[in-house]
Amino acid sequence: MASLQPSRKRVVLRFPIDPTRLPALADHRAFVDARQLTNLELGELAALPDLEFLELSGTETDLSPLASSPTLRHLSLDNPAHLDGLGRLKQLTSFGLYYLPRIHALDQVGELHNLQSLAISTPPSYDASRKCHRVQSFAPLARLPHLRQLVMRGILPDTDRLRPLEALVSLQTIEVTHVFAFTMEDYASLARAVPNASGHCLVPFFEAAWTGLCSRCGGARVALTAPAPRTSRTLCPRCQRKRLDAHVERWNIALGVTR
Ligand SMILES: [Zn+2]
């Protein structure tokens, strides 16, 4: 399975492409500034031998021509105008969508029935302001039975909250981050539905190395999943034991654990 953070080197493709001068595409990520890309040029990309991993920035055209590539497995789109034709790329096992201000429906993503890995993310510049990107619903993602890795960063659905993700029983890892509107009940319900998956959003707290050590005892701090409103997200598990215990107690109640 193609990794979300591939170590393969990026090669920038420019038209007209001379296939005889390309490095082995099976070992590279092919990047194309796709703002002016025509249907014909997409067809040329699809015909490239051993093209597996393609990154397109700013696509405006229908993606259907890529359906004819027998080797393409990973597609990554940065700021596409729309997702028309994406659903025809059934050969994809991995798809990434980064910076999507013009995309508000995920129906085309839900057509990619062979997906094992999916990442949809706002850019880091959204984080400081706690800004989220809104989509209609996560419901189309419930149609991806083979999905094993899922990253949803800063994406807030108008309806259904996290519920559609509870159908993804093949999930192994899941990251739902940078959405402060999701509640402990949302996360606990998801944790119940996908017991074989791992991820910070599926446990009440996790180590928070980025916050540094506790100034009082020098120990490692932890971050809370869905802390109560207007309370800090990180704490010291020793100096603030009571607060952590109360948080875990609330989590267990949300999870339906009887003690
Ligand atoms: Zn401490």
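Values quoted throughout were computed directly from the atomic coordinates according to the rules given, and no laboratory measurement underlies them. Just so it is clear, the model here is predicted, and its values are computed rather than measured. Counting neighbours? That spans all protein chains shown, and the Cβs are built from the backbone with ideal geometry, glycine included.
Sort the range 204-259 into rounded, prolate or oblate with this rule: let a ≥ b ≥ c be the square roots of the eigenvalues of the Cα gyration tensor; rounded if a/c is under 1.5, and if a/c is not under 1.5, prolate when a/b is larger than b/c, oblate otherwise.
On the way: a/c = 2.25, a/b = 1.91, b/c = 1.18.
Because a/c hits 1.5 or more and a/b exceeds b/c, the range 204-259 counts as prolate.
In cubic angstrom, how much convex hull volume per residue do the alpha carbon atoms of the range 3-121 span?
Values: hull volume 10.5 nm³, N = 119.
In the range 3-121, the Cα convex hull volume per residue is 88 Å³.
In whole Å, what three semi-axes, largest first, describe the equivalent ellipsoid of the chain built from its Cα gyration tensor (square root of 5 times each eigenvalue)?
Sorted largest first and rounded, they come to 39, 19, 16 Å.
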Residues whose built amide H sits under 5 Å from the amide H of residue 151, excluding neighbours closer than 5 in sequence, are 118, 119, 120, 175
Please sort by residue number the trypsin sites (Lys or Arg not before Pro) in the range 87-126 whose DSSP state is loop and whose Cβ has at most 12 other Cβ atoms within 10 Å. 90, 102
When the label point is put 7 Å from the Cα of residue 198 along its Cα-to-beta-carbon vector, which residues of the range 118-151 have a backbone N closer than 19 Å? 118, 147-151
Taking the dipole about the Cα centre of the range 148-246, with the C-beta of Lys and Arg at +1 and of Asp and Glu at -1, give me whichever of 217, 151, 173 is farthest to the positive side. 217
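Which of the peptides 246-254, 62-70 is most tightly packed, and how do the rest follow, judged by the mean count of other Cβ atoms within 10 Å per residue? Write out the running numbers ahead of the final one.
On the way: 246-254: 16.4, 62-70: 18.3.
Averaged packing, sorted descending, gives the order 62-70, 246-254.
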For the pair residue 38 and residue 7, the simple spin-label estimate (label points 7 Å beyond Cα toward Cβ) gives in nm 4.1
For a quick check of your reading of the filter: which trypsin sites (Lys or Arg not before Pro) in the range 1-78 sit in a DSSP loop and have no more than 16 other Cβ atoms within 10 Å? 8, 14, 35
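One quarter of the convex hull surface, Cα atoms only: what value does that give for the range 119-248 in nm²?
Working: hull surface 32.9 nm².
Projected over every direction and averaged, the Cα hull of the range 119-248 covers 8.2 nm².
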Using DSSP to define loop residues, name the trypsin sites (Lys or Arg not before Pro) in the range 173-234 whose beta-carbon has at most 12 other beta-carbon atoms within 10 Å. 216, 230
What is the log10 of I(q)/I(0) for the range 116-157, computed with the Debye formula using one identical point scatterer on each Cα and no solvent, at q = 0.15, 0.22, 0.24, 0.34 Å⁻¹? -0.41, -0.76, -0.85, -1.18
For the range 101-126, list residues with backbone N below 12 Å from a point placed 7 Å from the Cα of residue 146 toward its Cβ? 112-117
Starting at the first residue of the range 79-84, write each ³J(HN,Hα) from the Karplus equation 6.51 cos²θ - 1.76 cosθ + 1.60 with θ = phi - 60°, in whole Hz, x for Gly and Pro. 6, x, 6, 6, 10, 4
From the P(r) of the range 55-166, could you give the percentage of C-alpha pairs in the tail past 22 Å? 27
Positive end of the charge dipole of the chain (Lys, Arg +1 and Asp, Glu -1 on Cβ, about the Cα centre): tell me which of 63, 184, 101 has its Cα farthest that way. 184
Treating only the Cβ atoms of Lys and Arg (+1) and Asp and Glu (-1) as charged, compute the dipole magnitude of the range 9-203 about its Cα centre; round to the nearest 20 debye. 340
If you line up the long axis of helix 184-193 against the longest principal axis of the chain, both from Cα atoms, how many degrees apart are they, to the nearest 10? 70
Counting alpha carbon pairs within less than 8 Å and at least 6 residues apart, what relative contact order, in whole percent, applies to the chain? 10
Angle, helix 241-255 long axis vs. longest principal axis of the chain, Cα atoms, 0 to 90°, nearest 10? 60
